[in-house]
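Written out below as structure tokens is the structure these notes cover.
The values are calculated or read from the model by the stated rules, or taken from the named source; none is laboratory data. A quick note: this is a predicted structure, and the numbers were derived from the prediction, not measured. Here the Cβ positions follow ideal geometry from the backbone for every residue, glycine too, while neighbour counts run over all protein chains shown. Just the protein is used for accessible areas: all its heavy atoms, side chains included, with ligands, DNA and RNA removed. Shrake-Rupley method; radii C 1.70, N 1.55, O 1.52, S 1.80 Å.
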Amino acid sequence: MKIYLTKDYDSMSKKAAMILAAQVVTKPESVLGLATGSTPIGIYELLVKWCSSKEISFADVRTVNLDEYVGLDADNPQSYHFFMRRHLFDGVDIPLNNTYLPDGAAKDPQEECLRYERLLSSLGQVDIQLLGLGHNGHIGFNEPGDSFSLGTHVVNLADRTRKANSRNFGSLDAVPCKALTMGVGTIMRAKRILMVVSGADKAETVSRAFAGPITPAVPASVLQLHPDVTLVGDESALSCLLKEEKPL
Ligand code: GLP
């Protein structure tokens, strides 16, 4: 595992954006796995900037997103479809029909999970999967539990996740109770994983994920088993993890 320690949120965003840009430059037809949440916003801003100045192009890129809320359609401003258009897709030269997310408004969410898995298989291996980290150790919307879920599935969102995400909804009651998410198995199939973390409120979770036991109680801990993980985090987010590192 590679760890990049950066000074602050902006330098974290720049390092991670450079890794994604390098992927796109070296393989223009890359399949990028993308994430939502506040952490990747700075990365997306830079990618939009570099695309506007023609330093990179997304013309041949295909993207797949981790997750979506059940019950929200693509035009709902709280949906992850909307988030991705607002923060990335509308600002770069990617054809919208090369961008894929699970459909939160699908009539049959279970069927939608199967459709999304089939779609992912048809696109081939994700070249690099960007991940944020939930405060309870979730990745995508894989909440802590008794076992790791393999494929795309419907989840009941944990209270802590709904509370954290209520900042985007105005009130807790407005936050959907369910979501569709790639499974841990789906995420682990990616060739490379790029996790980004920022802020002291993530420090303990980062340490549990990467220096603690591998357990479904901390879903991100499964990444310890992935052969190619890059963690980019600022000083506050990595403070506990780096304390755990034994001196050589
Ligand atoms: C949501 C998303 C996750 C994201 C997490 C952390 O729950 N489903 O993919 O990693 O939020 O978000 P933030 O970056 O805002 O802390």
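Show the residue pairs meeting these rules: Cβ distance below 8 Å; 6+ apart or different chains; first residue within region 193-219 and without any contact (Cβ under 8 Å) to a residue 24 or more places away in the chain and within 13 Å of the ligand (Cβ to nearest atom); second residue outside any loop (DSSP other than H, G, I, E, B) and open to solvent by less than 30 Å² (accessible area, probe 1.4 Å).
Between residues of region 193-219 that are without any contact (Cβ under 8 Å) to a residue 24 or more places away in the chain and within 13 Å of the ligand (Cβ to nearest atom) and residues that are outside any loop (DSSP other than H, G, I, E, B) and open to solvent by less than 30 Å² (accessible area, probe 1.4 Å), there is no close pair.
Among all residue pairs at least 6 apart or on different chains, which show Cβ distances below 8 Å where the first residue, located in region 78-91, is in contact (Cβ under 8 Å) with a residue 24 or more places away in the chain and more than 17 Å from Leu47 (Cα to Cα) and the second is surrounded by fewer than 17 Cβ atoms within 10 Å (Cβ to Cβ) and of a type outside the set (Phe, Trp, Tyr)?
Gln78/Asn168; Gln78/Ala174; Ser79/Asp73
Would you mind stating whether Gln125 is modelled with pLDDT of 95 or more and closer than 21 Å to Ile43 by Cβ? Full working, then the answer.
Working: modelled with pLDDT of 95 or more: yes; closer than 21 Å to Ile43 by Cβ: no.
Against the criterion (modelled with pLDDT of 95 or more and closer than 21 Å to Ile43 by Cβ), Gln125 does not qualify.
Scan region 121-137 for residues that are more than 16 Å from the ligand (Cβ to nearest atom) and either more than 15 Å from Leu101 (Cβ to Cβ) or surrounded by 15 or more Cβ atoms within 10 Å (Cβ to Cβ) (or both) and report the count.
5
With the requirement that a residue be closer than 27 Å to Gly185 by Cβ, within 16 Å of the ligand (Cβ to nearest atom) and either in a helix (DSSP H, G or I) or of a type in the set (A, V, I, L, M, F, W, C) (or both), what does region 22-69 give you?
Leu32, Leu34, Ala35, Ile43, Tyr44, Val64, Leu66
Find the residue count for region 74-91, including only residues that are surrounded by fewer than 19 Cβ atoms within 10 Å (Cβ to Cβ) and farther than 20 Å from Ser166 by Cβ.
Looking only at region 74-91, we keep the residues that are surrounded by fewer than 19 Cβ atoms within 10 Å (Cβ to Cβ), and these are 74-78, 82, 85-86, 90-91.
This time we only want the ones that are farther than 20 Å from Ser166 by Cβ, so: 74-75, 85, 90-91.
Adding up the residues that qualify gives 5.
Would you point out which residue out of Leu119, Leu114 is modelled with pLDDT of 95 or more, assigned to a helix (DSSP H, G or I), over 29 Å from Ala217 (Cβ atoms) and of a type in the set (A, V, I, L, M)?
None of the other options fit; the residue is Leu119.
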